[in-house]
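Novice: Take a look at the following structure, please.
The values are calculated or read from the model by the stated rules, or taken from the named source; none is laboratory data. Note that this is a predicted model, so its numbers are computed, not measured. So basically every Cβ, Gly included, is an ideal-geometry build from the backbone, and we count neighbours across all protein chains shown. Accessible surface is based on the protein model in full, side chains and every heavy atom, while ligands, DNA and RNA are left aside. Shrake-Rupley method; radii C 1.70, N 1.55, O 1.52, S 1.80 Å.
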Amino acid sequence: ALRKGEFEIDHLEGVEDTKGNNGERGTLVVTNLRVIWFSKRSRRTNLSIGYNSVSNISMKTASSRLRGKTQSLYVMTRFQGSKFEFIFTNLDDNSPRLFTTVQAVYRAYDTSRLYRDLKLRGAIIADKELKLLPKEETYNRISGVWNLSSEQGNLGTFFVTNVRVVWHANMAENFNVSIPYVQMKSVTVRDSKFGS
């Protein structure tokens, strides 16, 4: 079952999980959040790889029991300090769909991280101006905003956009933070020794 906000992008029959279930025909489902593989013989034999855990995707030669030596999709992942490798082989034809779809969807996911993930010290400011994301609009730019941490303050500039809030230090553009609205639980005003 797909999660709330998740949708299917592609559905490929005849895909083998060459590393974990070599010789077993299965189905690969590509969604906007993950890659799902399940065995044709038993849906209990399955795996789900979220794009957030993916570190690399490539094509290499692998040995499949059903196809022999052939080009396969290698997906390298990291989860809770461990590395995992998954190898998928298209069994039915030489269509590049397995490779192109997974790589394109992962690239779209990876390049859209600033829309949903908090980012510290990123390359998001150039010449004191915010580098806008596609379809992002600046609503307000406020100078003289303090970033307070452990009762120490850094004077900077604050940007409010339709996607996120961004602050950067005036003395060092690379000292910054980008916080998308989807990451915010609450916003409050508190007193400090610098004022309220």
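Novice: Against the conditions (1) loosely packed, with under 12 Cβ neighbours inside 10 Å; (2) closer than 26 Å to Met184 by Cβ; (3) in contact (Cβ under 8 Å) with a residue 12 or more places away in the chain, where does Leu130 fall short? Just the number, please.
Specialist: (1)
Novice: Turning to a different aspect of this structure: Just give me the residues in region 141-183 being out of contact with any strand residue (DSSP E or B) (no Cβ under 8 Å at 6 or more places or on another chain) and under 22 Å from Arg113 (Cβ atoms), in sequence order.
Specialist: First, the residues of region 141-183 that are out of contact with any strand residue (DSSP E or B) (no Cβ under 8 Å at 6 or more places or on another chain): 149-150, 152, 172, 182-183.
Within region 141-183, Val182, Gln183 qualify.
Novice: Residues that are exposed (fewer than 15 other Cβ atoms within 10 Å of the Cβ), among the polar types (S, T, N, Q) and assigned to a strand (DSSP E or B): does region 174-192 have at least one? First the steps, then the outcome.
Specialist: Just the residues of region 174-192 that are exposed (fewer than 15 other Cβ atoms within 10 Å of the Cβ), to begin with: 174, 181-192.
Still in the running and among the polar types (S, T, N, Q): 174, 183, 186, 188, 192.
Still in the running and assigned to a strand (DSSP E or B): 192.
Yes, there is a match, as at least one residue in region 174-192 is exposed (fewer than 15 other Cβ atoms within 10 Å of the Cβ), among the polar types (S, T, N, Q) and assigned to a strand (DSSP E or B).
Novice: Quick test for you: out of Lys83, Lys69, pick the one residue that is among the charged types (D, E, K, R), modelled with pLDDT under 95 and more than 16 Å from Tyr106 (Cβ to Cβ). It would help to see each step written out before you state the result.
Specialist: Working: Lys83 fails: modelled with pLDDT under 95.
Answer to the selection: Lys69.
Novice: For Val15, are the conditions met, namely being in contact with a helix residue (DSSP H, G or I) (Cβ under 9 Å, 6 or more places away or on another chain), part of a strand (DSSP E or B) and under 27 Å from Leu133 (Cα atoms)? Give the steps one after another, and end with the answer.
Specialist: Values: in contact with a helix residue (DSSP H, G or I) (Cβ under 9 Å, 6 or more places away or on another chain): yes; part of a strand (DSSP E or B): yes; under 27 Å from Leu133 (Cα atoms): no.
When the stated conditions are applied, Val15 does not pass them.
Novice: A follow-up question, please. Can you tell me which of Glu8, Glu16 is in contact with a Phe, Trp or Tyr (Cβ under 8 Å, 6 or more places away or on another chain) and of a type in the set (Asp, Glu)?
Specialist: Values: Glu8 fails: in contact with a Phe, Trp or Tyr (Cβ under 8 Å, 6 or more places away or on another chain).
Of the residues listed, the single one that is in contact with a Phe, Trp or Tyr (Cβ under 8 Å, 6 or more places away or on another chain) and of a type in the set (Asp, Glu) is Glu16.
Novice: What's the total number of residues in region 64-123 that are surrounded by 14 or more Cβ atoms within 10 Å (Cβ to Cβ) and either assigned to a strand (DSSP E or B) or among the aromatic types (Phe, Trp, Tyr) (or both)?
Specialist: 20
Novice: Residues Leu91, Leu33, Leu12: which one is hydrophobic (A, V, I, L, M, F, W, C) and over 30 Å from Arg113 (Cα atoms)? It would help to see each step written out before you state the result.
Specialist: Working: Leu33 fails: over 30 Å from Arg113 (Cα atoms); Leu12 fails: over 30 Å from Arg113 (Cα atoms).
After applying the criteria, what remains is Leu91.
Novice: Report whether or not Thr45 is open to solvent by 30 Å² or more (accessible area, probe 1.4 Å) and of a type in the set (S, T, N, Q). Even if it seems obvious, please write down each step before you answer.
Specialist: Working: open to solvent by 30 Å² or more (accessible area, probe 1.4 Å): yes; of a type in the set (S, T, N, Q): yes.
Taking the combined requirement at face value, the residue satisfies it.
Novice: Related question: Answer yes or no: is there a residue in region 151-160 that is in a strand (DSSP E or B), of a type in the set (S, T, N, Q) and crowded, with 16+ Cβ neighbours inside 10 Å. Working first, answer last.
Specialist: Residues of region 151-160 in a strand (DSSP E or B): 152-160.
Checking which are of a type in the set (S, T, N, Q) leaves us with 152, 154, 157.
Adding the requirement that they be crowded, with 16+ Cβ neighbours inside 10 Å leaves 154, 157.
Yes, the conditions are met somewhere in region 151-160.
Novice: Another question about this same structure. Could you tell me which residue of region 1-26 is farthest from Pro96 (Cα to Cα), considering only residues that are open to solvent by 60 Å² or more (accessible area, probe 1.4 Å), touching a strand residue (DSSP E or B) at 6+ places or on another chain (Cβ under 7 Å) and without any contact (Cβ under 8 Å) to a residue 60 or more places away in the chain?
Specialist: Leu2
Novice: Further question on the same structure: If the Cβ limit is 9 Å and pairs must be 6+ apart or interchain, which residue in region 27-42 that is within 11 Å of Asp17 (Cβ to Cβ) pairs with which residue that is open to solvent by 10 Å² or more (accessible area, probe 1.4 Å) and of a type in the set (Phe, Trp, Tyr)?
Specialist: Note: pairs meeting the criteria are Thr27/Phe38; Leu28/Phe38; Val35/Phe86; Val35/Tyr106; Trp37/Phe86.
Novice: Across region 1-28, what is the number of residues that are in contact with a Leu (Cβ under 8 Å, 6 or more places away or on another chain) and β-branched (Val, Ile, Thr)?
Specialist: Looking only at that region, the number is 2.
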